[in-house]
Every structure is written in C-alpha cells, then in structure tokens.
2 protein chains.
Amino acid sequence: MSTLSAIHAAADRLQGKARRTPLLSSPFLDDIAGRPLFVKAECLQHTGSFKFRGGWAALSALTPAQRAQGVLAYSSGNHAQGIAAAAAAHDTPAVIVMPSDAPQIKINNTRALGAEVVLYDRGSEDRDQIGADLAMSRGLTLVKPFDDHEVIAGQGTVGLEIAEQARSLGVDAADVLVCCGGGGLTAGIALALEGENPAMVVRPCEPEGFDDVTRSLANGHICRNDKTTGSLCDAILTPQPGDITFPILQRLCGPGLVISEDDALRAMALAFNRLKIVLEPGGAAALAAALFHGDALTAPTAIAVATGGNVDPALFAKALDKFG
Amino acid sequence: MSTLSAIHAAADRLQGKARRTPLLSSPFLDDIAGRPLFVKAECLQHTGSFKFRGGWAALSALTPAQRAQGVLAYSSGNHAQGIAAAAAAHDTPAVIVMPSDAPQIKINNTRALGAEVVLYDRGSEDRDQIGADLAMSRGLTLVKPFDDHEVIAGQGTVGLEIAEQARSLGVDAADVLVCCGGGGLTAGIALALEGENPAMVVRPCEPEGFDDVTRSLANGHICRNDKTTGSLCDAILTPQPGDITFPILQRLCGPGLVISEDDALRAMALAFNRLKIVLEPGGAAALAAALFHGDALTAPTAIAVATGGNVDPALFAKALDKFG
C-alpha cells in the first residue's frame, strides 16, 4: 500500500543516501509569479533528478536474493539513472530499457553508472512488454517507473521535506506544483502532504498534448494521450496515469495545469538566471506553470518541484539564446 | 578582530537568513579529479554568490543610526548584490560603486535589488578613492568587499558549514579549495576550519595573470597584479590581498593554485552536466583547480567552494559549446 507510514519508512532508508535538496527562491521570480514562489531543487539530487529516491527505496526494499539476481527498469532516462545508481550502490546488476530517442546524455550516464542499456522504439514498441519479457527470461525484478508502492514511497520523501522546509519558512497554505508523468512523484508528494500539511494542495503539471493526468482528473477516469513522442519534455511523456497512482491523484490533487514548450524553455532560462540551477524541459514544467499560469492557482504561496536537470547542452543553450 | 567566535556570532545572525547550501558530488567528477571531490554550492546562496553572507553579517552589525544613514560598497558585482539585498532587508539605503565592464546582469540585478549604482572605469580610476569620497560626502558607512572583520566573519560561515557537512559524510582530512580575490572568503573559511577541523587545509585558487595571493604566499609579502582587467573571472580580479586578510592567509593556507580561462570554462560545463548548477568563471576557479590540477593537492579528499553563478547567458552558452 502507498501510505504515509510507507513514505516515512522510505525516508529512514534514504537517510544519508539521498540529498535533502534545498528550497530556493528569488524576489525576481516572486515578481513574475505574482506571489511568493519556492522551488524544490530536485535537479540537485543524485543522478540529477528525484528518481534516485524511488530507485533507492525500491532497491533497499528487495530481499537479498532478489538483489543478487538483479533488477530491470524501463525509462526515458531519469528513472534509468536513479535505478542504475541505486543498484550499483546495492551491488545489484541492473538492465535498463530506454527509448532510442532519449537524450544521449541520459543513455550515456545510465551506461556509465554500470547498467546494461536495451534501446527500443517509442513509437512502435511497448516498453511494458519488453520489460516484462526481460524480467521473465533473466529472473530480474522489474522496478516500474511510477506504478509501484515502494517507488511512490521513495518519491514521497520529497513531500516530507517540502512540509518541513516550508514550515521553517513560515509557509502554510500553498499550491504544490509537480511535473507529472505517470504520477509517482505527484502521488507520493500528495500522500506525504495529506499527512504532514493538509493546507497544501498538489497540482500536477504537464506539457501540451501530453496532459493525460489533467484530462483524467477532469473526466474522472483514466484518459490516454494520443501521442507518445513529440515534446521536449521527454521526462514526463507517459501514455496515461498508473492504476496505483491515479486513485491517489484523484482523491488528493487539485486540477492539473498545462504548459507549452516555450513556457518550459522560458522557465529554464529563468531558473538559470535567478536560481543558478540547471533544469531540463520536463523538469521545468511545474516552475513554468507557477510563473506563467498563476491565474489558475488558489493559495497565497506556490511551491514548484523542479524535478530534473538532465538536459543536452545544445538544448540548454537554445533556451538561453531564446529566453536568457 | 577576525576570530572563530566572530564567525560563530555571524552564523547566529545569519540563521534563517542565509541558505545552508548543499555539498554536492558526482562519481563522474571524482573520476576526473582522481579522488573524492565535494562541491560547496554557494552559487545557490541568495543573490547567486556567497557575498550575501558577508553583506548580511556587516549590515546586521551596524548601529541603528548607521543603518538609517545608509551603506556604500564597491564591487565587480557579487558583493554589490549581496550588500544590496542585505541592505534592502535591513531597510537601509545602499550606494554601490561598480566597474563599468562588470557583467550587465550584475549591474542590472544590483539596481533591481534597490541599490543606487555608480559606475567607474576599472583601468583608470581607483574604486577605493571613489568609495571613500562618497562615504564622506553622504555620511554612508563603507562596507569593504573583503578587508573588513564582519565581512570576513560572515564569509567564514561557509567554513562552519563545510566542517559540519564533511563530518556527516565521514570526511576528515581534505584540501579545501577556494576561489580567491581579495581573500575575505578564503580567510574566513581558513579561520573557521582552524577551529572546527584543523585536518583541512585551505588552498586559494586564482586565474592566470591575477595570482596575487599565490605569489604573495610564495614570497612571504603582499604582491600586486600587473593588470586589473582582462580575465573572464571578473569576480576575483582584485589588485592584491588585503591588509587584514593576508596575515590570516599566510598563517593558515597552503600554497595557491592557478587556473587558465579554459580550465574555468571546462569546469563550468562539467558543473552543468554533473551537478546541475550554474557557475560563473570566477566561481568555477576552485572546481577547475580540483579537477585539472589535482597533482598539486596533498589530502585524500578535495572540497571546492563554488562561489558564484552570476554569468551572462551568452558566456555560459559559449562554455557549453566549447566544453559541454
């Protein structure tokens, strides 16, 4: 079960392993957002995204026999790196199924962290099937990217930290904006805040054309995206919310927010100039929503989770050239 | 007097005001450095550099009458922003004397933070004289960028945090590399570590052609730079070490390290790729020394202070294009 106590248990196992990332802010960003805005900089987490938390939580929850046999993951890159790093630290072999159009830096880093990478075509092949087949044939334990209780618990530790850090800053009620793919991080944070600060409402943030969670919440049932490729926000292009995550999102989240690619690039340039952090487009979605879609927010304060920074230098330079 | 107890007193005043910046690392950087390498990310401090600490320490140490009258600072940009932000928070007017060739972002930010900016020519005018004249005519209190006991105490809080954070990671003996201009931060950290962890040795890091501290330490007396302009590392181009800072550096520091501009740009690109932080050239000097001049280090572990991230987007894009 995905529960607050599972998140606290994951936090205990992550103690001293995951970084407690800072909650950053800038008066210049407050001006643009029209309210106090805080940014939870998970791009500074090990492997450059929050995914290390879920990876560590999942690996540390396996039996010794499972760890000896190895794990398998499928991912556009950030979950891949999180699992690869957590597996290496647990002396566990890792096989990662990645889309062939994932940013080269994510593929390279996953290999460099010691994992075996298997590439597939995002448009024509089903990564779930490929993953299941590999798990079966090699006796690997599949660690899904979001629809997994331990992964959700690990990502939920971000929510525990947000509650603590906001309290120390005197912040109570807030919209907590989260870049949302399959909803593992969003669900984990929502569960953590339900327990630790119910005055905070989680708001999923997605790119145009890939707003499956926003539409699913609005319609009251799981909706799929028409496309699976074609956005710069590669980290959060999942076909639909998960069977485990969606009921949690439905019970706890406010309406989703949808951003454009230019919103994401503009937010990347502002994070560069004002916070001195590196964000990838998908990792900048929540910040973009807070900065440019504040009319959709209801609380006096916004907290945006900046989920990852694994971006190719050429794309980052493009964001700076266009909006820096 | 610049003492450990003054640093602890500054830390008390900075509590909840300055950010406790994270100590970051990456296995990819460890490989390049040839040893465990930790990076104290002061680019994530308020205003994008450690200078906010010294600014806050100095402003909070003034009398109410002095604060009402206002403060004056001269700076290439980071001290300017640190003082401007700290002064605004103390409801104190601030006049900042800045070189006309400072990065535009630093001039703009200083104004946007509410300070009055007075520009001067770095090659032909003496900023100390301009500052002294302004202080006299307007009754302002001059807050020097480094040769000031309260400023040194404020910067020294970086050293307290390094000692604590390294202890929690199990790190004892280390070379602590610090980007060094006039030596305020370097002296403050050296004093803090003398008290909190004498197994750590501070090593000043400077750009080629502006290695006044390195030469001063080698020669046993204060040496000046021939030039005052002409390096990308604008944040650390001071003519010579300070009268207060040099005796501290001489008593406590190991030999200085000198880096090239390309070293700095390469370190910026690696900090982008591996740590997801934005560094300016002068703020990357210590990281560059740790990565590319490790043969000059003596301890098993290196800690580099990444001092600032206030860099124009075009220059950052150049670093990524060349070395990203």
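The values are calculated or read from the model by the stated rules, or taken from the named source; none is laboratory data. Bear in mind that the values here come from a model prediction, so they are computed numbers and not experimental data. Here the Cβ positions follow ideal geometry from the backbone for every residue, glycine too, while neighbour counts run over all protein chains shown.
For this structure, a couple of remarks:
- Answer from A:ALA304, A:ALA286, A:ALA319, A:ALA299 - the residue that is touching a residue at least 40 places away in the same chain (Cβ under 8 Å), under 21 Å from A:LEU160 (Cβ atoms) and assigned to a helix (DSSP H, G or I): A:ALA286
- Every residue from the range A:47-105 that is among the charged types (D, E, K, R) and either surrounded by fewer than 24 Cβ atoms within 10 Å (Cβ to Cβ) or more than 17 Å from A:PHE146 (Cα to Cα) (or both): A:ARG67, A:ASP91, A:ASP101
- Scan of the range B:1-46 for residues that are closer than 24 Å to A:ASN108 by Cβ, surrounded by fewer than 18 Cβ atoms within 10 Å (Cβ to Cβ), among the hydrophobic types (A, V, I, L, M, F, W, C) and more than 13 Å from every other protein chain (Cβ to nearest Cβ), ordered by number: none
- Qualifying residue in the range A:176-192 (condition: closer than 22 Å to A:SER2 by Cβ, in contact (Cβ under 8 Å) with a residue 24 or more places away in the chain and surrounded by fewer than 24 Cβ atoms within 10 Å (Cβ to Cβ)): no
- Summed over the range A:279-311, residues that are touching a strand residue (DSSP E or B) at 6+ places or on another chain (Cβ under 8 Å), charged (D, E, K, R) and more than 14 Å from chain B (Cβ to nearest Cβ) total 0.
- Only one of the numbered conditions (1) at the interface with chain B (Cβ under 9 Å from one of its Cβ atoms); (2) out of contact with any helix residue (DSSP H, G or I) (no Cβ under 7 Å at 6 or more places or on another chain); (3) of a type in the set (A, V, I, L, M, F, W, C); (4) under 19 Å from A:LEU24 (Cα atoms) is not met by A:ALA314, and that is (4).
- Of all the criteria given as (1) more than 22 Å from B:ALA289 (Cα to Cα); (2) assigned to a helix (DSSP H, G or I), the one not satisfied by B:ALA163 is (1).
- Taking each residue of the range A:95-119 that is not assigned by TED's automatic domain parsing to the domain that holds A:ASP234 and looking for partners that are among the polar types (S, T, N, Q) and exposed (fewer than 15 other Cβ atoms within 10 Å of the Cβ) with beta-carbon atoms closer than 9 Å, six or more apart or interchain, yields A:PRO99/A:THR229; A:ASP101/A:THR229; A:ILE107/A:SER100; A:LEU119/A:SER100.
- The listed residue being among the polar types (S, T, N, Q), within 14 Å of chain A (Cβ to nearest Cβ) and out of contact with any Ser or Thr (no Cβ under 6 Å at 6 or more places or on another chain), out of B:THR110, B:THR92: B:THR110
- Test result for A:LYS276, under 23 Å from B:SER49 (Cα atoms) and either within 14 Å of another protein chain (Cβ to nearest Cβ) or at pLDDT below 95 (or both): yes
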